[in-house]
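Asks: Got a structure here, written out as structure tokens. Questions coming.
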Amino acid sequence: MAKFNQAFVNEFGFKTKTDFYEYTIRCGIAETVGTVKNRQDLFDPFFDNGRKGWWQKGDAYIHRKKFIDSLFSDYDVKSYADIVKLYLTKNFQIHDFKPAEASPIIKSKFKQLQLTGQEAELYFINHFREIEVFKDGSLEDARLFGDGYDFQIQIQKKFLLAEIKGLRSAHGSIRLTEKEFACADEYKDDYGIVIVSNLESLPKMTTIFSPTEKLALKKKTVIRQQISYHSKSLTW
């Protein structure tokens, strides 16, 4: 609503924002009308919509906007409303709206929207220099390599590795994969876990180097069946 105003409400079949607010309460999406308005107030300053919103909060919520923009910034109001309808169907079992059939890439982006890890990684990319040890470093993305760390930060001739973990609230546990644990054990003081916590409101970054020594990590073995499908040997 901060971005699309009344046009967004119209996509859900409502004539006024008040009607839409009240609907969200009836469906259990929000507890009060004030909750919805307050959330919109946080996003209003980022758009040229004629409303100040909670401008006093500054960029407190800009991390959420950047994450959403990374997936859906080029979507028009109808396409974006369809994403929200998909979210309401999947997360609140609301079937009052019939969104257009989502394309495969829309479904993939929707899955990414649910993942805390990607949001935490984007936050780190935008704020890593706020961590004292990284402030003069240059960042290189290593996520595609799958070698047990997400980013390499070069500081003069020194290389540090960072693995990012995200938490929605200020509390929670983290886990390391076997590859991440081995990498942390190999690089020790040059390997840091960055926990981006409290993503729902005001994110906080906590960095722990030599995590295999400083964290009480308990080994858990989970056996999963992996199924693959193979063709015959053919001439291509």
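No value in this document is a laboratory result; all are computed from the given coordinates. Note that the structure is predicted; figures quoted are calculated from it, not measured. Neighbour counts are summed over all protein chains in view; Cβ atoms, including those assigned to glycine, are modelled from backbone coordinates with ideal geometry.
Asks: I'd like the Karplus ³J(HN,Hα) series for segment 70-75: coefficients 6.51, -1.76, 1.60, θ = phi - 60°, whole numbers in Hz, and an x wherever there's a Gly or Pro.
Replies: For segment 70-75, the Karplus-derived couplings read 5, 9, 10, 4, 9, 7 Hz, x marking Gly and Pro.
Asks: Take L139, project a point 7 Å from its Cα along the Cβ direction, then tell me which residues of segment 163-181 have their backbone nitrogen under 15 Å from it.
Replies: It comes to 163-166, nothing else.
Asks: Using the Cα centre as the reference, give the magnitude of the dipole from point charges on the C-beta atoms of segment 117-214 (Lys, Arg: +1; Asp, Glu: -1; all else neutral), rounded to the nearest 20 debye. Write down the numbers at each step before the final one.
Replies: On the way: 12 positive and 18 negative charges, 47 e Å.
That gives segment 117-214 a dipole magnitude of about 220 debye.
Asks: Out of residues 5 or more away from I164 or on other chains, whose amide H comes under 5 Å of its own, with H placed 1.01 Å from N in the peptide plane?
Replies: Placed amide hydrogens put D150, V194 under 5 Å from I164.
Asks: Turning to a different aspect of this structure: Dipole of the chain (Lys/Arg Cβ +1, Asp/Glu Cβ -1, origin at the Cα centre): which of L144, I131, I155 lies farthest to the positive side?
Replies: L144
Asks: Arrange L139, L42 by Cβ neighbour counts within 10 Å, fewest through most, would you?
Replies: On the way: L139 15, L42 18.
Sorted ascending by nearby Cβ count, the order is L139, L42.
Asks: For helix 104-113, what angle does its Cα long axis make with the longest principal axis of the chain, in degrees from 0 to 90 and rounded to 10?
Replies: Its long axis makes an angle of about 80 degrees.
Asks: Tally the DSSP beta bridges in the chain and give the antiparallel ones as a percent, rounded to 5. Write out the running numbers ahead of the final one.
Replies: Details: 15 of 21 bridges.
Roughly 70 percent of the beta bridges in the chain run antiparallel, per DSSP.
Asks: Compute the Cα gyration tensor for segment 6-114, then decide on rounded, prolate or oblate, letting a ≥ b ≥ c be the square roots of its eigenvalues: rounded whenever a/c is under 1.5, prolate when a/b is larger than b/c in the other cases, and oblate in all that remain.
Replies: Details: a/c = 1.68, a/b = 1.17, b/c = 1.44.
The shape class here is oblate.
Asks: Round to the nearest 10 and give me the degree value, 0 to 90, for the angle of helix 17-26's Cα axis relative to the longest principal axis of the chain.
Replies: For helix 17-26, the angle is close to 60 degrees.
Asks: When the label point is put 7 Å from the Cα of F72 along its Cα-to-beta-carbon vector, which residues of segment 110-147 have a backbone N closer than 11 Å?
Replies: It comes to 110-111, 113-114, nothing else.
Asks: Taking the Kirkwood radius as the inverse of the mean 1/r across Cα pairs, report the Rg/Rh of the chain. Let's see the in-between values first.
Replies: On the way: Rg = 21.6 Å, Rh = 20.8 Å.
With Rg and the Kirkwood Rh in hand, the quotient comes to 1.04.
Asks: Further question: Helix 77-92 sits at what angle to the longest principal axis of the chain, using alpha carbons and giving 0 to 90 degrees rounded to 10?
Replies: 70
Asks: Taking a threshold of 29 Å on the Cα-Cα distance, which of the pairs K66/K90; K109/K218; K65/K157; K66/K165; K37/K98 fall above it? Walk me through the intermediate numbers first.
Replies: Numbers: K66/K90 23 Å; K109/K218 33 Å; K65/K157 35 Å; K66/K165 18 Å; K37/K98 25 Å.
Going by Cα-Cα distance, K109/K218; K65/K157 fall outside the 29 Å limit.
Asks: In terms of the Cα gyration tensor, with a ≥ b ≥ c the square roots of its eigenvalues, is segment 117-214 rounded because a/c is under 1.5, prolate because a/b exceeds b/c, or oblate?
Replies: Details: a/c = 1.58, a/b = 1.18, b/c = 1.34.
Cα axes put segment 117-214 in the oblate bin.
Asks: Pop a pseudo-label 7 angstrom from the Cα along the beta-carbon direction at both T235 and N49 and give the gap in nm to one decimal.
Replies: Inter-label distance under the simple model: 6.4 nm.
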